[in-house]
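Chemist: Next up is a structure, given as C-alpha cells.
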Amino acid sequence: MPAMPAIMKTTAARLSALYLILFAICAVVLVIYVTSLSVRMITAQTQEAIAEEVSGLGRAYQRGGLPTLVRAMEMRARQPGANLYLITDPNGLILSGNVESIQPGVLDTVGWTDRPFAYRRYGEDSGENSRHTAVAQVIRLPNRMILLVGRDLGEPERFRNVVRNALMAALGMMGFGALLIWFFVGRRALKRIDNVSAASRQIMGGDLSRRLPVSGAGDEFDRLSENLNAMLDRISALNEGLKQVSANIAHDLKTPLTRLRNRAEAALNRREDEAACREALEQTIAESDQLIRTFNAILMISRLEAGYSAETTKTVDLSAIVADVVELYEPAAEEMGVELKAEAEVAVRIDGNRELIGQALSNIVDNAIKYSAGGANESPAVSVTLQKHAGAVRLTVRDNGPGIPEADRERATERFVRLEASRTQPGSGLGLSLAKAVMTFHGGRLELSGDGEGLSVAMVFPAGKNG
Amino acid sequence: MKILVIEDDREAAGFMKKAFAEAGHTADIAPDGESGFALAETGSYDVFVIDRMLPRRDGLSIIAELRSKGNATPALILSALGEVDDRVTGLRAGGDDYLTKPYAFSELLARIEVLKRRAGAKDIETVYRVGDLELDRLSHAVRRGGQEITLQPREFRLLEYLMRHAGQVVTRTMLLENVWDYHFDPQTNVIDVHISRLRGKIERGFDKPVLHTVRGAGYMLRAD
C-alpha cells in the first residue's frame, strides 16, 4: 500500500472506515426501501382517489349525459387543490377542464397513464414553476370524446425530497460519528500502543528497570502489559543474577587465578631450587582445586536457580540424610573439639533430591562446626534437629559460635558474601548461597536466626505428600 | 592395562596418554565418536575412557551401543556436565563410573584401576585378607593377627571397601561415593578424619602400618 497515510495504517481507522461504509450502504438501502414503499402507497392512494372521481363523474354522465358531466367536472375543478379534469374531442382539442396544455401523447393512452406526464393548468404563468407532473386515467366516452381525470404529483415529489435530504443528513451524521469514534477509541488505542512501543524501545535501549504503562482499566491492553511486565521482571532478575555472577567471578576467581599465575611464575624463576618448585606446584594444585570447587558451586547455584528437571526429585528420607551427614561430620567435629549431636524425628519423608539436600546440610554443618570451634565458647557444640510441624518440616542446625549480627543475616546467604568476621576462614563463601538455592529449588526457604550467642540455620521444607 | 581414550581435546588426550604410560599402562587415543566406536568394537581394551561431548557421535550413544552388542568392557565417562541428573543419565546409559571435568589425573587413574578389577572375583569372596588383617563380610568380624577389632558399621563399610580394593589407590571422592553414597565434594577433611579413626583401630598396637596415605591422591590398603 504505497503512500498510505499513517492514520489509515491503524486498525482502529480501518475498522471505522469499514463500519462507516457498511452503515452507509444499509442506510441507503433502507431509505430506498422506505421511499419506494411510501411512493407506492401514495400512488395507490392517488389512483384510488382518481378512480373515485371517475366513478362519480361516470354517475353524473349516466344521469344527464355530457352537459351534467361537464357541469359536475367544472364544479369540482374550481375547488382549491383540485384534481385535473379535461374533456377533449376525439382529435385532442380541449373542450373543457382546468388544464391548459398537456404533454402530447398522453391522450392516446387508454386507462392509467403508465408514467407521470407534464401539464399546465389554466391561469398559471408559463414559468418553470408552472410545470407539473401528474398521473391520470384516460377514458373514451361513448361519443368518442376523451375524459381525463388526474392528480398532481407535487406531494410525492416533495416527500421524496424530504427523504433525500434526510438521507444526506444521516450520512453526514454517520461520517461525523465515525470520525468521533475513531478519535476517541482509535486514537486512544493508537496512543496506548504508541506508549507501549515507546516504552519497549527504551527497554531495548538498555533501561531494563522501565515497565510498560498499565492504565488500570483492566482491559486487554492492561493484561498484555502486565504479562509483558512480569516477563520483564523475570528477565531482569535473571540478568541481575548474571551480572552479579560475572562481577563475583571477576572478583573471586580472578584473585586466586592471579595468585596461581604469580606462584607459577616465581617457581619458574627459581628453577634451581627443586624443593621450592615442588612446593609451589603443590600449592598451585591445591589452589586450582579450590578454584574448581568455587566454580562448581557457582554452576550448581545457577542451574538450581534456572530450575532443575523435575525428574531429579523423589521421596527421600530426611531423617536418614540427617543421620548420614551427622555421622560423616562427627569425627571431624570431635577432632576440632566440637560436640555434634542430632535430634531427629524418624522417617520424615519429603519430595526432594537426596544429593542436593545432603550437600546443603553438609555445607551448613561444616560452617557451624568451623565457626563454633573458632568462637569464644569454651564448650563449642553444634546440634542438628529435625522436626515436623503442621505443614512444614524444619531441619535446624544450631551452633554456639559468634553468630551473625541481625543486620548481616540477609546478606549472609548472598553469593560470595563472607562476612568480615569470617574472612580468615577457608571456604568459597558459597556454602549458604548454595543451601539457599537448594531450599528455593525444593519450594522451601532458609531461615537464619540466633538468640544471644550462636547462629541457627533452619532449612524449612514444605511437608511432602507423606508428611 | 590397555586403555582406549575417546577424547577430542588433543592436548588433554596427549597428556592422558603420557600419564597413563608413566603409570605403566598403554592408551590409544580416538579423536572423535565414530573412530572411537570403531576402535572400541575391536574388543582389545581393558577400560574405556569416554568423553561425553564428542564430534560426530556422543559418548553416551557409543556406550549404549557397545552394551547392546554385548561388550561389557568397563567404561568411565568424562564430562563437563557434573550435575546430579547428568550423572544419572550417564550411568543409566551403561557407564560404570562418571568423572566431572576438571579432574585430577590421580583421581582418573585410581578410578580406572578400580574399574579394571571391578569385574574380579572379590564380590563373591566372603573373607577379605590383607597381610594379617582379615574381614569377614558375613559375620562382620574384623581381626588382625587373630585379635578381634570392634568397628562401627560405617567403619566396617569403609574398611570393606578399602580391602576390596587392596593395593589400589582409593580417592576421597571414591570413598564418599561408595561408602556414603553421596557425590558432592566435602569441603573439609571429613574423610581424612574417618580414615585416621579407622587407622587408629586397625594399626594401634601393631608394628606394621597397612593403611597408607598416597600423597596427592588418596589412600591404599596394602601389606608391605
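Chemist: When you look at the Cβ of every residue in A:322-331, what mean number of other chain Cβ atoms sits within 10 Å?
Modeler: Details: counts 0, 0, 4, 4, 0, 5, 10, 5, 6, 13.
Average per residue, whole number: 5.
Chemist: If the convex hull of the alpha-carbon atoms of chain B is projected onto planes in all directions, what is the mean projected area in square nanometres?
Modeler: About 12.7 nm², averaged over all directions.
Chemist: Sticking with this one: Per residue, how much space in cubic angstrom lies within the convex hull of the C-alpha atoms of region A:145-256?
Modeler: Details: hull volume 15.8 nm³, N = 112.
Taking the convex hull of the Cα positions in region A:145-256, it is 142 Å³ per residue.
Chemist: How much area per residue is accessible in chain B when the probe is 1.4 Å and only protein heavy atoms are counted (Å²)? All intermediate terms of the calculation are to be shown ahead of the outcome.
Modeler: On the way: 10150 Å² over 224 residues.
That works out to 45 Å² per residue.
Chemist: So, one more: Calculate what fraction, in whole %, of the accessible area of chain A sits on carbon and sulfur atoms when a 1.4 Å probe is rolled over the protein chains. If you can, show how the numbers build up before the last one.
Modeler: Values: 15430 of 27050 Å².
That fraction is 57 percent.
Chemist: Can you give me the relative contact order of chain B as a percent, contacts being Cα pairs under 8 Å and 6 or more apart?
Modeler: On the way: 334 pairs, mean separation 28.8, N = 224.
Normalised by residue count, the contact order of chain B is 13 percent.
Chemist: Filter the GluC sites (Glu not before Pro) in region A:305-372 to those in DSSP coil with at most 12 other Cβ atoms within 10 Å of their Cβ, and list the result.
Modeler: Numbers: sites: A:Glu305, A:Glu311, A:Glu327, A:Glu334, A:Glu335, A:Glu339, A:Glu343, A:Glu345, A:Glu355; in loops: A:Glu345.
When the GluC sites (Glu not before Pro) of region A:305-372 are filtered for loop state and at most 12 Cβ neighbours within 10 Å, nothing remains.
Chemist: At 1.4 Å probe radius, can you tell me the per residue accessible area of region A:293-342 in Å²?
Modeler: Numbers: 2340 Å² over 50 residues.
On a per-residue basis, region A:293-342 sits at 47 Å².
Chemist: How well do other chains shield peptide A:355-362, expressed as the mean number of their Cβ atoms within 10 Å of each residue Cβ?
Modeler: Numbers: counts 9, 3, 0, 5, 7, 1, 0, 7.
Mean inter-chain Cβ contacts per residue within 10 Å come to 4.
Chemist: 222 nm [θ] for chain A, helices only, -39500 (n - 2.57) per DSSP H run of 4+, per residue, to 500?
Modeler: Result for chain A: -19000 deg cm²/dmol, rounded to the nearest 500.
Chemist: Where in region A:98-122 is the amide nitrogen less than 17 Å from a point lying 7 Å along the Cα-to-Cβ axis of A:Glu74?
Modeler: A:98-100, A:122
Chemist: Looking at the square roots a ≥ b ≥ c of the eigenvalues of the Cα gyration tensor of region A:324-417, which shape do they give, rounded for a/c under 1.5, prolate if a/b is larger than b/c, or oblate?
Modeler: On the way: a/c = 1.71, a/b = 1.25, b/c = 1.37.
Oblate.
Chemist: Using a/c under 1.5 as the rounded threshold, could you call region A:263-357 rounded, prolate or oblate? The axes a ≥ b ≥ c are square roots of the C-alpha gyration tensor eigenvalues, and prolate needs a/b larger than b/c, oblate otherwise.
Modeler: Working: a/c = 5.23, a/b = 1.82, b/c = 2.87.
Cα axes put region A:263-357 in the oblate bin.
Chemist: Next up: Check which residues have an amide H placed less than 5 Å from B:Ala141's amide H, if you skip close sequence neighbours.
Modeler: Distant-sequence amide H within range of B:Ala141: B:Asp136.
Chemist: Sequence gap at least 6, Cα distance under 8 Å: using those rules, report the relative contact order of region A:161-270 to the nearest whole percent. The partial results should precede the final answer.
Modeler: Details: 31 pairs, mean separation 14.1, N = 110.
Dividing the mean separation by the residue count of region A:161-270 yields 13 percent.
Chemist: When N counts the residues of region A:92-207, how does its alpha-carbon radius of gyration compare numerically with 2.2 N^0.38 Å, as a ratio?
Modeler: Numbers: Rg = 31.2 Å, N = 116, 2.2 N^0.38 = 13.4 Å.
The reported ratio for this selection is 2.33.
Chemist: Related question: Using Cα pairs closer than 8 Å and at least 6 residues apart in sequence, work out the relative contact order for chain A, in percent.
Modeler: On the way: 594 pairs, mean separation 43.5, N = 467.
After rounding, I find 9 percent.
Chemist: Another one. What does the buried accessible surface come to for B and A, summed over both chains, with the probe at 1.4 Å? Round to 100 Å².
Modeler: On the way: alone 11500 and 28310 Å², together 37200 Å².
Interface area, both chains combined: 2600 Å², rounded to the nearest 100.
Chemist: Using θ = phi - 60° and the Karplus curve 6.51 cos²θ - 1.76 cosθ + 1.60, what whole-Hz ³J(HN,Hα) does each residue of region A:374-384 get, with Gly and Pro shown as x?
Modeler: So the Karplus estimates, Gly and Pro as x, are x, x, 8, 5, 6, 10, x, 8, 10, 10, 10 Hz.
Chemist: D for the protein assembly as shown, whole µm²/s, Stokes-Einstein with Kirkwood Rh over alpha-carbon pairs at 20 °C and 1.002 mPa s: what number?
Modeler: 61 µm²/s
Chemist: If you take every residue apart from B:Gly218 with its C-beta less than 13 Å away from the C-beta of B:Gly218, what net charge results, scoring Lys and Arg +1 and Asp and Glu -1?
Modeler: Values: positive: B:Arg111, B:Arg172, B:Arg215, B:Arg222; negative: B:Glu107, B:Glu113, B:Glu177, B:Asp192.
Spelling it out: positives minus negatives among the neighbours equals 0.
Chemist: What size of dipole, in debye to the nearest 20, comes out for region A:116-251 about its Cα centre when the only charges are +1 on Lys and Arg C-beta atoms and -1 on Asp and Glu C-beta atoms?
Modeler: Numbers: 19 positive and 14 negative charges, 107 e Å.
Rounded to the nearest 20 debye, it is 520 debye.
Chemist: Bin by bin, in steps of 5 Å, what percent of the Cα pairs in region B:118-224 do you find, going until the bin that has the longest distance?
Modeler: For region B:118-224, the pair-distance distribution reads 2, 12, 24, 27, 21, 10, 4, 0.
Chemist: How big is the C-alpha Rg of region B:28-79 next to the rule-of-thumb value 2.2 N^0.38 Å, as a ratio? Could the numbers behind the result be given before it?
Modeler: Numbers: Rg = 9.6 Å, N = 52, 2.2 N^0.38 = 9.9 Å.
So region B:28-79 has a normalised radius of gyration of 0.97.
Chemist: Please identify, among B:Lys201, B:Lys17, B:Lys116, the residue showing maximal mean-square fluctuation in a Gaussian network model of chain B using a 10 angstrom Cα cutoff.
Modeler: Of B:Lys201, B:Lys17, B:Lys116, the Gaussian network model singles out B:Lys201 as fluctuating most.
Chemist: How large is the convex hull of the Cα atoms of region B:1-89 per residue, expressed in Å³ as a whole number? Intermediate values should be presented prior to the final figure.
Modeler: Numbers: hull volume 7.9 nm³, N = 89.
Here the figure is 89 Å³ per residue.
The values are calculated or read from the model by the stated rules, or taken from the named source; none is laboratory data. Just so it is clear, the structure is predicted and the values come from calculations on it, not from any experiment. In this analysis, Cβ positions are derived from the backbone assuming ideal geometry, glycine residues included, and neighbour counts consider all displayed protein chains. Surface accessibility is based on the protein's heavy atoms, side chains included, excluding ligands, DNA and RNA. Shrake-Rupley method; radii C 1.70, N 1.55, O 1.52, S 1.80 Å.
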